[in-house]
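Trainee: Sharing a structure below in structure tokens format, with a few things to ask.
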Amino acid sequence: MLAIISPAKNLDFNKNIPNGLKFSKAAFTNNANDLADLLKKFSPSELQNLMGISRKLADLNYERYRQWQEKPPSELTRPAILAFNGEVYNGLDAVSLSDDDLRYAQNHLRILSGLYGMLRPLDLIQAYRLEMGIKLNNAAGDNLYKYWGSGIADKIKEDLDKSGSDILVNLASNEYFKSIKPFIKDLNVITPVFKENKNGNWKVITIYAKKARGLMSRFIIQNKINKAEDLKHFDLEGYFYNDLLSKGNEIVFTR
């Protein structure tokens, strides 16, 4: 079984790095370097227009790409699971996971990325910003979906084959899942959905759903989940499996 999550827009390179863990190199490092080289050519104002961000963020990312190195020193890198900082990662709370948990995550969790394609939790990354949905002209077309093609999905299927499973737990946003969706029709994709009771109606509220995806990732890692049926036992922060709302491979949790 593999679970997939999205990256976060914000980064935190100040978290403590666990001792005794072996960090890894991203599978698509060469692609990341190529995309970084492409983005180095953009001015701050061009990055601002490309990414739809503030000038302050554009200046920050302009400097990030100027400082990008194909073989970066350790002080410019962080393991991916500790580098991203957003609601999903608040739920995942990787800094409180044990070394054993992080090793399990390395084999059972994947982070989709516009720049790196796909990351294992302990893959070292440099600071960047590049959302998958951005329309960046490149050698393969006018967006990143065309750039990555079936490459990310092929690597996920390769990793699943090694695990002896065909179960993919989709905890990614639509923007990122779209990068693999056309190429994984042969996989058993389980999609957890998280809903809140608002005035008697069950609704997906984005900020809560994002954190819940991180909580589910944590649940999978800490409980070493490898069967789809066992996902239904998820009960963190008041969520419970709702059989009435669940349908097929879409399993719904409510609170």
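The values are calculated or read from the model by the stated rules, or taken from the named source; none is laboratory data. Quantities reported herein were computed from a predicted structural model and do not represent experimental measurements. Methodologically, a virtual Cβ is constructed for each residue, glycine included, from the backbone with ideal geometry; neighbour enumeration extends over all protein chains shown. The protein model used for the area step is the full one, side chains on, heavy atoms only, and it has no ligands, DNA or RNA in it. Shrake-Rupley method; radii C 1.70, N 1.55, O 1.52, S 1.80 Å.
Trainee: What residues have an amide H closer than 5 Å to that of Val252, excluding those fewer than 5 places away on the same chain, when H is modeled at 1.01 Å from N in the peptide plane?
Mentor: Val193, Asn242, Ser246, Lys247
Trainee: Rounded to the nearest 0.05, what FRET efficiency do Ser54 and Asn174 give with R0 = 30 Å and r taken as the Cβ-Cβ distance? Could you check?
Mentor: Details: r = 24 Å, r/R0 = 0.81.
According to the calculation, E is roughly 0.80.
Trainee: If you don't mind, another one. Give me Rg/Rg_expected for the chain, where Rg uses Cα atoms only and Rg_expected = 2.2 N^0.38 Å with N residues.
Mentor: Working: Rg = 18.2 Å, N = 255, 2.2 N^0.38 = 18.1 Å.
With N residues counted in the chain, Rg over 2.2 N^0.38 Å equals 1.01.
Trainee: May I pose another question? Using θ = phi - 60° and the Karplus curve 6.51 cos²θ - 1.76 cosθ + 1.60, what whole-Hz ³J(HN,Hα) does each residue of the stretch 170-184 get, with Gly and Pro shown as x?
Mentor: With coefficients 6.51, -1.76 and 1.60, one gets 8, 10, 8, 6, 4, 4, 8, 4, 4, 6, 10, 3, x, 10, 10 Hz.
Trainee: In this model, which of Lys9/Lys195; Lys162/Lys210; Lys15/Lys40; Lys9/Lys71; Lys155/Lys247; Lys146/Lys224 are farther than 32 Å apart at the alpha-carbon?
Mentor: Lys146/Lys224
Trainee: With the contact rule set at Cα under 8 Å and sequence spacing of 6 or more, what percent relative contact order holds for the stretch 73-178?
Mentor: Relative contact order, the stretch 73-178: 22 percent.
Trainee: Apply 1/(1 + (r/R0)^6) to the Cβ-Cβ distance of Tyr241 and Arg103, taking R0 = 30 Å, and write down the FRET efficiency to the nearest 0.05.
Mentor: On the way: r = 28 Å, r/R0 = 0.93.
Plugging the Cβ-Cβ distance into 1/(1 + (r/R0)^6) gives 0.60.
Trainee: Okay, next question. In whole percent, how big is the carbon plus sulfur part of the accessible area of the stretch 1-159, probe 1.4 Å, protein atoms only?
Mentor: After summing per-atom areas, the C and S share lands at 44 percent.
Trainee: Running a GNM on the chain with Cα contacts under 10 Å, which residue among Ala105, Ala58, Ala80 ends up with the highest mean-square fluctuation?
Mentor: Maximum among the listed residues: Ala58.
Trainee: Okay, helix-only estimate at 222 nm for the chain: each DSSP H run of n ≥ 4 adds -39500 (n - 2.57), divide by all residues, round to 500 deg cm²/dmol; what do you get? Walk me through the numbers on the way to the answer.
Mentor: Working: 10 runs with 91 residues, N = 255.
The helix contribution divided over the chain gives -10000 deg cm²/dmol.
Trainee: Name all residues of the stretch 104-139 having a backbone nitrogen under 14 Å from the label point set 7 Å from the Cα of Asn33 along its Cα→Cβ direction, giving them as ranges.
Mentor: 126
Trainee: Considering Cα pairs under 8 angstrom that are at least six residues apart, work out the relative contact order of the chain and quote it in whole percent.
Mentor: Relative contact order here is 24 percent.
Trainee: What full-extension length gain, to one decimal in nm, is calculated for Asn226 and Ile17 as 0.36 nm per residue of separation minus the Cα-Cα distance?
Mentor: Net length gain for the segment: 72.5 nm.
Trainee: Along each of the three principal axes of the Cα atoms of the stretch 19-79, give the extent in whole Å, ordering the values from largest to smallest.
Mentor: That gives 41, 23, 17 Å along the principal axes, largest extent first.
Trainee: Can you tell me how much longer the chain between Ser45 and Ala139 gets when fully stretched, taken as 0.36 nm per residue apart minus their C-alpha distance, in nm with one decimal? Numbers along the way, then the final one.
Mentor: On the way: separation 94, 0.36 × 94 = 33.84 nm, distance 2.25 nm.
Contour length minus Cα-Cα distance gives 31.6 nm.
Trainee: Please report, to two decimal places, log10 I(q)/I(0) for the stretch 55-142 at q = 0.15, 0.16 Å⁻¹ as given by the Debye formula with identical point scatterers on the Cα atoms and no solvent.
Mentor: -0.68, -0.77
Trainee: Among the trypsin sites (Lys or Arg not before Pro) within the stretch 87-152, which fall in a DSSP loop and have no more than 15 other Cβ atoms within 10 Å of their own Cβ?
Mentor: Lys135
Trainee: Same structure, new question: Which of Trp68, Trp148, Trp202 ends up with the largest GNM mean-square fluctuation for the chain, with Cα atoms connected below 10 Å?
Mentor: Looking only at Trp68, Trp148, Trp202, the biggest GNM fluctuation is shown by Trp202.
Trainee: Now, a different point. Can you list residues whose amide H is under 5 Å from Ala3's amide H, if they're 5+ apart or on another chain and H is modeled 1.01 Å from N?
Mentor: It is Leu109, Arg110, Val169, by chain and number.
Trainee: Roughly how many Å² is the accessible area per residue of the stretch 78-127, as a whole number, for a 1.4 Å probe?
Mentor: 26
Trainee: Sort 85-94, 48-57 by the packing proxy (mean of other Cβ within 10 Å over each peptide's residues), most packed first.
Mentor: Averaged packing, sorted descending, gives the order 85-94, 48-57.
Trainee: Something else: Where is the GNM fluctuation largest for the chain (alpha-carbon springs, 10 angstrom cutoff): Pro73, Pro121, Pro44?
Mentor: Of Pro73, Pro121, Pro44, the most mobile in the Gaussian network model is Pro73.
Trainee: So if each residue of separation counts as 0.36 nm, and I subtract the Cα-Cα distance between Thr191 and Thr206, what length gain in nm does that give?
Mentor: 3.9 nm
Trainee: Next question, about the same structure. In whole percent, what relative contact order does the stretch 47-125 give with Cα contacts below 8 Å and a gap of six or more residues?
Mentor: Reported relative contact order: 29 percent.
Trainee: Looking only at the chain, where both bridge partners belong to it, what percent of the DSSP beta bridges are antiparallel (to the nearest 5)? Let's see the in-between values first.
Mentor: Numbers: 14 of 30 bridges.
Percent antiparallel among DSSP bridges in the chain is about 45.
Trainee: Shifting gears a bit: So what's the Cα pair-distance distribution over the stretch 107-253, bin width 5 Å, in %?
Mentor: 2, 8, 17, 20, 20, 15, 11, 5, 2, 0, 0
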